[in-house]
Every structure is written in C-alpha cells, then in structure tokens.
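For reference, the structure discussed in these notes is given below.
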Amino acid sequence: MLQRCKEKLNALAISVMNQWPGIKLRVTEGWDEEGKHAVDSLHYEGRAVDITTSDRDRSKYGMLARLAVEAGFDWVYYESRSHIHCSVKSESSSTGKSGGCFPAKSLIRTEHGGTKRLDEVHLGERIAALNSHGDIVYSEVIAFLDRAPSEMREFVHLTTESGRVLTLTPAHLVPVEGRSSIFAAKVQLGDRVLVSDPVARNGTDSSPRWDKVVETKLVLEKGVYAPLTTEGTIIVDDVVASCYAVIDSQTVAHYAFLPLRVWSSVTSFFVQRLDDASHVRGQNEDSRPTKEGIHWYASMLYSLSTYVLPSRMLYG
C-alpha cells in the first residue's frame, strides 16, 4: 500500500480507538490484485481502502467518515451501507487518463421533446444544456471527449432532495451554488446543484433551480460517454453538469476548447451545404462514425495542463 495512504490509515486507527475505547479500525479491502474494480480505481494503486469499525456498528459510520476526513484522506464516501471508502490523491501527472464522463444509461433530453440514453446520442444532435445566461437551451453535440461503450468505471452517484440522481466520474465538473463549478468528488452533503423540471405546463422548458444533495456514494457502471456541446454544459438525468473535467475551472476549460468549437462550426457549415444539395443525411445527425477512446484534442489539453496550470487546479 502507498506510504501516504498508510500514514492516513494509522492516524485514523488511533482516532477510532480514542473515540470508541475497545473498538478498532477494520479494513475490508485495500490493494486490489484480483481485478474487482473499475479500470481507473485507486485500489489498483494502493491509494484506496474500504473501512468499517471492528464491531460493524453502522450507527458509527457517520463519525467514522468524519474521522477519516480529519485524518487527511482526500476523498471519503459512503460507498455502500456496509463500509466507508477512503482514498488519497495521485501524485502522478497522468491527470487525463480517465477524464470526465457519464455512464451509458444516463438520460438526456433532445430538442424534439423526447429523452435518449447517452449511448444513443449522435454527433450533430441538439440536446438540453445551460447557456451563459442561465437559460435552458438545446445545444449541438460537436464531439465526444471520451467514449468507451464496454468499459467499467467508478462514478460518483449524487442524489438530490427532490430525487434527481446524477452519475458522473469524480473528475467531472458540477455547478454548485456559491462555489462555481467543482469536481464531483468534492460535492458534499448539503451542497445545492442545479436541477431542471422536464417540461413546464405551457410546454416550454422551465428555469433550473437549486436542489440540495442528500447522498453521495461511489458506484460501478458500464459505458463511458463524455459529449461536448457548443455551450460546454449538459443536462443529464435532469441535473446540470459541465462537459469538462480534470481542470478546476469551467471558464478556463471552455476557453481552452474554443479552437475545437471553431473548427466544428466551420466544418459543419460546409458539410451542411453538401447535405442540402444531396439530401443524403437525416435531420440534425452526423453520419460520421464516432471513434472510441479519449478525443485527441482533449488528451492534448490534459497533457499540456500539467505544465501550464498550477497543480491546485488539476484533479488528482
């Protein structure tokens, strides 16, 4: 196990014994050598542990999580009812190895009024997003920053007071009231995220509203999709999220992807003219095949970011 993780674990063990005399810290899982977790799990690097108290008294787990934070763990989650997940940041420079994505089964809304799974979305489609004025609009999907249909990955599962559930990777940005956009891994209970009611009574989209997060946990899901819209935002399962990840600033990330948006706009203009002449394609769908893996432009930016941005702005 990584030395830094060991140090935090030892400090936590002492805190547990001080808090509950006669009770010890119990580690249910540390380094994974059997491939039970997602491909990007910190269990493979010795940076994560799953813990309980020795008496397995679940009423103590709330305090146990607090003690884990005080011991210095960077991320602490109620991964399931049976244990607490704790991990430390990676010191490696491979910040972009997994990027920020949503699982395949996540639902988005289209401009035609229906919903679609993310694995059914095509380039050129217009899906629900949030513009710079805070209004719900329908924005074109100009690229997939990551796409891996068969890959299993760990996601943060955020549940709100009204029952909305947003599932996304820890490095993905989420708008939070009073804190701009932050990594999903840093969203805490009581934080308020933007949610959207599907359709208002007059048939138009209602304005987004703030909704309190009441549960956060880690889940394992299949399929990895990261659509990039022109607005740089997306509404997934009726919760507003950024299209960006890894860099702790929606503004910086949106400016960084400006060349890609310009290129997409120029190519779409000429392609649309050809389509109008040939009538080959269906409405608002791009017939070009969508490649799997991290988009080359996103991969380049993630690599450059480690040299041009302070480490405090980077995930991991």
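The values are calculated or read from the model by the stated rules, or taken from the named source; none is laboratory data. Remember, it's a predicted structure, so these values are computed and weren't measured experimentally. Counting neighbours? That spans all protein chains shown, and the Cβs are built from the backbone with ideal geometry, glycine included.
Scanning region 271-316 for residues that are over 18 Å from Phe144 (Cβ atoms), small (Gly, Ala, Ser) and either modelled with pLDDT of 60 or more or not in a helix (DSSP H, G or I) (or both) yields Gly282, Ser303, Ser305, Ser311, Gly316.
Considering every residue within region 184-207, establish whether at least one is in contact with a helix residue (DSSP H, G or I) (Cβ under 9 Å, 6 or more places away or on another chain), polar (S, T, N, Q) and buried (at least 16 other Cβ atoms within 10 Å of the Cβ). No, the conditions are met nowhere in region 184-207. Considering only residues that are under 17 Å from Asp237 (Cβ atoms) and in a strand (DSSP E or B), which ones fall in region 121-137? If the condition is that a residue be under 17 Å from Asp237 (Cβ atoms) and in a strand (DSSP E or B), then Ile127, Ala128, Ala129, Leu130, Ile136 are the ones that fit. Would region 98-120 turn up any residue that is buried (at least 18 other Cβ atoms within 10 Å of the Cβ), assigned to a helix (DSSP H, G or I) and modelled with pLDDT of 85 or more? There is at least one residue in region 98-120 that is buried (at least 18 other Cβ atoms within 10 Å of the Cβ), assigned to a helix (DSSP H, G or I) and modelled with pLDDT of 85 or more.
Taking region 108-136 as the range and being under 21 Å from the mean Cα position of the chain (by Cα) and within 15 Å of Val240 (Cβ to Cβ) as the test, the residues that pass are Ile108, Arg109, Ile127, Ala128, Ala129, Leu130, Asn131, Ser132, Gly134, Ile136. If you filter region 234-270 down to residues that are among the polar types (S, T, N, Q) and not assigned by TED's automatic domain parsing to the domain that holds Val213, you find that the one that is modelled with the lowest pLDDT is Ser268.
Screening Glu231 against (1) in a strand (DSSP E or B); (2) modelled with pLDDT of 95 or more leaves a single unmet condition, (1).
Just the residues that are of a type in the set (Lys, Arg) and either in a strand (DSSP E or B) or not assigned by TED's automatic domain parsing to the domain that holds Pro208 (or both), please, taken from region 138-177. Of everything in region 138-177, those that are of a type in the set (Lys, Arg) and either in a strand (DSSP E or B) or not assigned by TED's automatic domain parsing to the domain that holds Pro208 (or both) turn out to be Arg147, Arg153. Among the conditions (1) modelled with pLDDT of 90 or more; (2) of a type outside the set (Val, Ile, Thr); (3) in a loop (DSSP other than H, G, I, E, B); (4) farther than 14 Å from Tyr77 by Cα, Asp205 misses just one, which is (1).
When region 220-263 is limited to residues that are over 21 Å from Ala128 (Cα atoms), in contact with a strand residue (DSSP E or B) (Cβ under 7 Å, 6 or more places away or on another chain) and not basic (Lys, Arg), the one that is surrounded by the fewest Cβ atoms within 10 Å (Cβ to Cβ) turns out to be Leu220. If you go through region 61-97 and keep only what is over 17 Å from Leu12 (Cβ atoms) and either touching a helix residue (DSSP H, G or I) at 6+ places or on another chain (Cβ under 7 Å) or modelled with pLDDT of 90 or more (or both), you end up with Arg81, Ser90, Ser93, Thr95, Gly96.
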